[in-house]
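Here the structure comes first, spelled out in structure tokens, and everything after it is commentary.
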Amino acid sequence: MKNCIASALLLLVAVSAIQAASVAKPTCGGSTSSKNINLVNPTNPPRECEYHIKAYSKYVCQLRINWGMTMAQPTLESDGSGLTYAECTRDYFEVNGLKLCGTEVWQHIYVPFNATDGEAVVDLRIVLADRAGASGLPEAAWDMTVTQLECPAGASVRSLTLEEEESVIEGRASTIKDGFFVAPPGCLQYFPESKGTVKSFNYNNGQGIYPGHLNYAICFRRETDTKGLVIRAYDFNVGDVVSASTMMTDENCYSSDSTNDLDADFLMVPQATFEESHKHATYFCGSIKKDVVISSNNPGPLMVLFNSDAIYRQNEAGFAFTYVVS
């Protein structure tokens, strides 16, 4: 019995060591082609830190990046005409031209990756402001998990479940558990679970500021029997807030007279209906501190879209909502 227990313990230690070794942990300036990657700030972060992600296999189609971070909040700058702009200029995390900053407890994004290009590489870049002297900036920290997602050749990744997905690729037996997590094309964020919570970037418990110049899709997994999406917004501060308890819609959020597609802040929910009033709407903005339930019966892909213009107006902290796909 003692020998059996000792053998089991040794096996457990060996398995744990293999699992730990399977996660690459490159330092600033490093490159890796591992499927699972963990990026953590060094004790004394440099002013600029770059990581270079190379394809794990030729079937890699996306990177899913989950992270928590503490960085400087967006800078509020005036152009002299009375308009204020919120931009990530002091500290920021950058990938494919997207810059994010501030405080994130745990967020994620998807990055397209064309692994069929032999020279394909995705650069993740972190830039920090000078903290010499009394800068007043927070101590910079980040913890990122990068997963290289593979799309099986010839497989409909949207139709496979996490438990059932098994593929044989060109005679190479391979159990690929990625189809459940692969996002539809064009989605910056993707939530494959049937329920969860969505927050805007740098939401920071309602104390943050979302950056300007954002325009991205937040997508949800549709099953063959999915009927719709239900959103319960419990904190919402988006756009030109005229009242502390008003959810505004449509023309109040996105004017048809505007000639600039980025001249508005809004959350767009296709074919949406307020549960309480049964009123229909598509664009949502304003400010609320109570639950507002919105359902969407869009027959196509399940998604919402967030847009922020260049102009910062007071209290643009962002949004937080729970969702259920049913």
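Each value in this text was obtained by applying a stated rule to the coordinates, not by laboratory testing. In this text, all values refer to a predicted model and were calculated from it rather than measured experimentally. Cβ placement follows ideal geometry from the backbone for every residue including glycine, while neighbour counts extend to all protein chains displayed.
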request  = Please work out how much length the chain gains when fully extended from Ser22 to Glu223, using 0.36 nm per residue of separation minus the C-alpha to C-alpha distance, in nm with one decimal.
outcome  = 69.2 nm
Pairwise label distance in nanometres, Asn36 with Ser256, each label 7 Å out on the Cα-Cβ vector = 5.2
message = On a full-extension model of 0.36 nm per residue, what is the gain between Val105 and Asp143, subtracting their alpha-carbon distance, rounded to one decimal in nm?
response = 12.7 nm
task = Using only the alpha carbons of region 43-110, determine the length spanned along each of the three principal axes and report them from longest to shortest in whole angstroms.
result = 51, 29, 22
request  = Just the number, please: Stokes-Einstein D of region 256-326 in µm²/s, Kirkwood Rh from C-alpha pairs, 37 °C, 0.692 mPa s.
outcome  = 239
ask   = With the contact rule set at Cα under 8 Å and sequence spacing of 6 or more, what percent relative contact order holds for region 184-326?
value = 41
task = Grab the beta carbon distance between Ser135 and Asn205, set R0 = 22 Å, and tell me the FRET efficiency rounded to 0.05.
result = 0.40
Efficiency of FRET from Cβ geometry, Asn66 and Arg232, R₀ 25 Å, rounded to 0.05 = 0.60
task = Would you order Glu193, Glu104, Glu275 from fewest to most other beta-carbon atoms within 10 Å of each residue's own beta-carbon?
result = Glu193, Glu275, Glu104
inquiry  = Which of Phe180, Phe266 has the fewest other C-beta atoms within 10 Å, and how do the rest follow up to the most?
reply    = Phe180, Phe266
Length added when fully stretched, Asn315-Thr84, from 0.36 nm per residue minus Cα-Cα = 81.9 nm
key: Volume per residue that the Cα convex hull of region 184-326 spans, once the total is divided by residue count, Å³   = 109
inquiry  = Straight-line reach only, C-alpha to C-alpha below 25 angstrom: list the lysines that Lys195 could link to, leaving out same-chain residues fewer than 8 apart.
reply    = Lys177, Lys227, Lys279, Lys289, Lys290
remark   = The residues Phe181, Phe319, sorted from fewest to most surrounding Cβ atoms within 10 Å, come out as Phe181, Phe319
